[in-house]
Amino acid sequence: MFLSLNLFFIFKFLKYLPLKQKYKHTVKEFKQLIESSDSILLATHVNADGDAIGTSLALAMVLKKLGKKVNVVVPNDFPEFLRWLPGNDLISVYFKEEKKVRSLVKSAQLLVCLDFNDPDRLAKAEKDILAFNGKKVLIDHHPNPKQFTDLTISDTGLGSAAELLFYVLREMNYDHLIDKDIAEALYVGIMTDTGNFNFASSYPEVWETVAELIKLGICKDEIYARVYDNFSVDRMKLMGYCLNEKMTIIPGSKAAYISLSLEEMKKFNHQPGDTEGFVNLPFSIRGVKLSALFLEKNDKIKVSLRSRGDFSVNDFSANHFRGGGHKNAAGGEWDKPMDEAIKRFVMLLEEYKNELS
Ligand code: 5GP
Ligand code: MN
């Protein structure tokens with residue numbers, strides 16, 4: 001009897017393990033801020049991905065159920081394969097609706113930033129969004145969050161901000177509000193940020209969380225298909241072109257890169273999100289440990305970096321490409337022309353030869 005009672009408590013404790021003591025207190029304060037605000041604005045990072053959109057919409061839907069006026073701001077357009085998510089109509093794109101966003105910032109009483117650790121991830125929307133003069137809260141899982149909010153709820157041990165939000169909602173006793181729509185949004189965040197559970201998900205709690213979401217009625221196979229089997233013919237052809245003509249494996253190293261110019265992307269009718277995942281393609285090659293994707297933008301080169309194992313692309317990106325991210329998934333930028341950015345990358349590999357061998 002005693003043994004089973006003890007096991008019960010250990011099990012319960014284990015389920016709450018990811019919600020570290022250090023931010024339990026902060027979650028309480030977050031709940032008080034929610035309770036005292038009628039109008040809440042959520043903001044996520046530039047080039048929003050599945051975690052950014054999933055986490056934002058999940059929180060937005062919970063707050064709606066609490067009777068709040070809620071809006072979500074993203075700096076620029078986000079991929080078509082995320083548009084089916086419930087709550088999409090709550091999103092405003094700063095790039096297209098600057099004036100509306102400025103008025104949302106003015107009328108909000110609380111600002112919640114999701115899935116980014118540095119205000120510069122708001123890109124051109126940074127100034128207008130951070131002009132907000134009420135309380136700001138951050139919910140994130142990137143290393144070393146900058147102190148730009150009044151409250152920071154951060155857990156770098158988790159594969160996604162969506163998973164963190166799930167624990168935060170549970171801690172706030174809002175878990176009874178999580179319905180199938182909210183569970184779908186949370187699942188999209190968890191699934192996409194773990195590369196469909198291929199990385200950053202080798203711990204039991206994430207699977208327990210997924211089990212909870214499935215119990216709420218989501219069909220994970222259907223969600224997979226909506227996100228990953230939803231590309232255009234042009235996108236598939238662009239991927240083939242990258243593999244066939246644009247992928248370079250650096251001789252004598254375990255690194256590879258792919259680059260795409262604006263002209264090449266235009267030729268394949270590039271839409272936001274079309275190059276998502278391309279940076280991972282070289283990892284199917286035996287031995288590859290570091291991969292980079294260089295995309296030409298109007299004013300710069302956007303760099304995506306991924307690694308397998310101990311090599312930290314977060315540090316690499318912060319030190320050499322004005323960026324950041326996670327240990328195995330990071331991004332940054334460099335100046336044009338493309339050749340120079342690639343030359344810099346290849347040259348740096350020489351410096352990191354030992355770490356990459
Ligand atoms: P992606 O390569 O998919 O754009 O981004 C991968 C990871 O790196 C994400 O966690 C993203 O937040 C981060 N990241 C991407 N670009 C930048 C950047 O320019 N600056 C910083 N600090 N992080 C970035
Ligand atoms: Mn994330």
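The values are calculated or read from the model by the stated rules, or taken from the named source; none is laboratory data. Here the structure is a predicted model, which is why all the values come from computation and not from measurement. We place every Cβ from the backbone using ideal geometry, glycine too, and count neighbours over all the protein chains shown. These area figures cover heavy atoms from the full protein model, side chains too; ligands, DNA and RNA do not enter into them. Shrake-Rupley method; radii C 1.70, N 1.55, O 1.52, S 1.80 Å.
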Being over 16 Å from ALA255 (Cβ atoms), away from ligand 2 (no atom under 16 Å from the Cβ) and touching a helix residue (DSSP H, G or I) at 6+ places or on another chain (Cβ under 8 Å) is the filter here; which residues of the range 315-331 pass it? none
For the range 166-176, state whether one or more residues are out of contact with any strand residue (DSSP E or B) (no Cβ under 9 Å at 6 or more places or on another chain) and within 16 Å of ligand 2 (Cβ to nearest atom). yes
Residue list for the range 54-79, filter: within 30 Å of THR275 (Cα to Cα) and assigned to a helix (DSSP H, G or I): GLY54, THR55, SER56, LEU57, ALA58, LEU59, ALA60, MET61
Please enumerate the residues belonging to the range 107-162 that are more than 16 Å from ligand 2 (Cβ to nearest atom), β-branched (Val, Ile, Thr) and either assigned to a strand (DSSP E or B) or over 19 Å from ILE34 (Cα atoms) (or both). VAL137
State whether one or more residues within the range 29-40 are surrounded by 13 or more Cβ atoms within 10 Å (Cβ to Cβ), within 22 Å of TYR187 (Cβ to Cβ) and at pLDDT 95 or above. no
Restricting to the range 83-97, name every residue that is assigned to a helix (DSSP H, G or I) and either open to solvent by less than 30 Å² (accessible area, probe 1.4 Å) or closer than 15 Å to THR44 by Cα (or both). ASN88, LEU90
Restricting to the range 163-181, name every residue that is farther than 17 Å from ILE139 by Cα, in a helix (DSSP H, G or I) and in contact with a Gly (Cβ under 9 Å, 6 or more places away or on another chain). LYS180, ASP181
Positions within the range 263-311 being within 16 Å of ligand 2 (Cβ to nearest atom) and either in contact with a Ser or Thr (Cβ under 8 Å, 6 or more places away or on another chain) or more than 19 Å from ASP335 (Cα to Cα) (or both), in sequence order: GLY273, GLU276, GLY277, VAL279, ASN280, LEU305, ARG306
Among the residues of the range 188-208, is there at least one that is open to solvent by 40 Å² or more (accessible area, probe 1.4 Å), aromatic (Phe, Trp, Tyr) and assigned to a helix (DSSP H, G or I)? yes
